[in-house]
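Inspection log for the structure reproduced underneath, given as structure tokens.
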Amino acid sequence: MPMAIVAAAVARPSARLGPLAVEAPDEDAFTLAMAAAEALGERARSSELARIDLVGDHAPEAEWAVPEALGLGGVAIHRTSGGPAHLFEAIRGHEGADPPGTRLLLAVDLSRVGRATGTNHGALAVALALGPGPGIRVDHVATHARSPRGETEGLRVDRLGRPHGSEPTALLILGDDERVVAAARTAGGPGFATSLVPRAPPGTGPAPTTPFALALRAPGVDDLPHPFVLAALGAERDVHVRGTVTGSVAWSEATPSPTLALSAPPVRDDERSLDARSEGAYVPRPRYIENLPSRWRLEADWCPSCSRLTFPARGACAHCGRTQELERRSLARSVWTVDAATIVRPGAQPTEFDGTVAVAGAYGVVVARSSEGPRATFQLVGPATPVPIGSRVVPVLRRLYPMEGEWRYGRKAIVVAASDAR
Ligand SMILES: [Zn+2]
């Protein structure tokens, strides 16, 4: 039985370059994918997950880093390159070849602005939980070379529906503005409820794969099951998707970050930029890797003697010293309360943060308390602004600094509710 999309979540990058959404210096494919996955909640951490599909701009390290960050050791990973055709093929899955159980699909599309190839567009990450349904099912995917003879040549509506014997009742057309408007005009004949998605969400710019997120928000479907046809218009190839809506999809958005305005395209990493040498708190790689459960999953040790939590987990209770039978528990990521706050101005940062400070300027640092009690220090996401004591923050996974040829990642915090107390 084909899997259906049962829940979806989207994460948008927090920087802007003119009208385009682009990655901030502390964001990349990994952090965007994780933000989307975490917005799915328990569905992305379920022990029922049989497989994770990574679609798009994921780095090779994502194959171990994504399961590590989700606490899903041993889950099967399947990688696919980007673009609408691969995305929809990954959603459709491979009947018979897929392990039984639910699947998590993480699709990431980084910004292409300033790159030599590809169209200019913004970045986005989409996380999809796939299961037996009800939801949105992809039944058939076909790609066609873009016709050189006309903008809408390959998009006549009668060609979309009839070969498969069922007349589509809704049509979603995705892609760059001009072709979409022209195609929608062609498609908007009687008998078709045309859903036109002429552009990506405000600030994200036109993006060939981005509007897929919008396709899931197709307006009211009363009759179920409900066949649909979706066309994603690419620069060279068009992708036509036939599917069935069998029920509504749970939709969520990642915690929005404060916006950072950039004056130049995001800097792409090279060997030199990743070779930062810290004069501050140097953490050898083995120790960094060893501490990932606490850094990434906020794992604490719970002590059965005194019923207290020690964070970060260190194999011993900080309160009574017990080292046996400690239980690993992840602290809630939902809301932490600010106990203390400060701003680190340019020049005062540890050297490993030189690169991000050069692009993003001063940053805030808070000491925050989890609802379970333990405290932690977090750098704040976004431009530095004063944060009143008592404000609420949410810890999110971000890039911290480059070291020994790679980015180090950890939890930073987003202010979700500033306290009125001064
Ligand atoms: Zn204890």
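The values are calculated or read from the model by the stated rules, or taken from the named source; none is laboratory data. All values derive from a computational prediction rather than experimental measurement. Cβ: placed from backbone, ideal geometry, glycine included. Neighbour counts: every protein chain shown.
Quick notes on this structure:
- Residue, nearest to the ligand (Cβ to nearest atom), within segment 332-342, restricted to residues that are modelled with pLDDT under 95 and of a type in the set (A, V, I, L, M): Ala332
- A Cβ distance below 8 Å, combined with a sequence gap of six or more or placement on separate chains, defines the contacts here; from segment 367-393, residues that are outside the structural domain of Pro25 (by TED's automatic domain parsing) reach residues that are among the acidic types (Asp, Glu) and in a loop (DSSP other than H, G, I, E, B) in the pairs Val381/Asp26; Pro388/Asp420.
- Matching option when the condition is under 19 Å from Pro256 (Cβ atoms) and buried (at least 24 other Cβ atoms within 10 Å of the Cβ), among Glu27, Glu38: Glu27
- Checked against the criterion of being aromatic (Phe, Trp, Tyr) and within 16 Å of the ligand (Cβ to nearest atom), segment 305-317 has at least one qualifying residue.
- Of the residues making up segment 401-419, just one is in a loop (DSSP other than H, G, I, E, B) and of a type in the set (A, V, I, L, M, F, W, C), namely Ala418.
- Residue match in segment 13-31 (condition: in contact (Cβ under 8 Å) with a residue 60 or more places away in the chain and over 24 Å from Gln379 (Cβ atoms)): yes
- Checking each residue in segment 290-304 for being away from the ligand (no atom under 14 Å from the Cβ) and surrounded by 14 or more Cβ atoms within 10 Å (Cβ to Cβ) picks out Asn291, Leu292, Pro293, Ser294, Arg295, Trp296, Arg297, Leu298, Glu299.
- Taking each residue of segment 310-325 that is aliphatic (A, V, I, L, M) and looking for partners that are near the ligand (Cβ under 10 Å from one of its atoms) and part of a loop (DSSP other than H, G, I, E, B) with beta-carbon atoms closer than 6 Å, six or more apart or interchain, yields Ala316/Thr323.
- Yes/no for Thr323 being of a type in the set (S, T, N, Q), within 26 Å of Arg287 (Cα to Cα) and within 16 Å of the ligand (Cβ to nearest atom): yes
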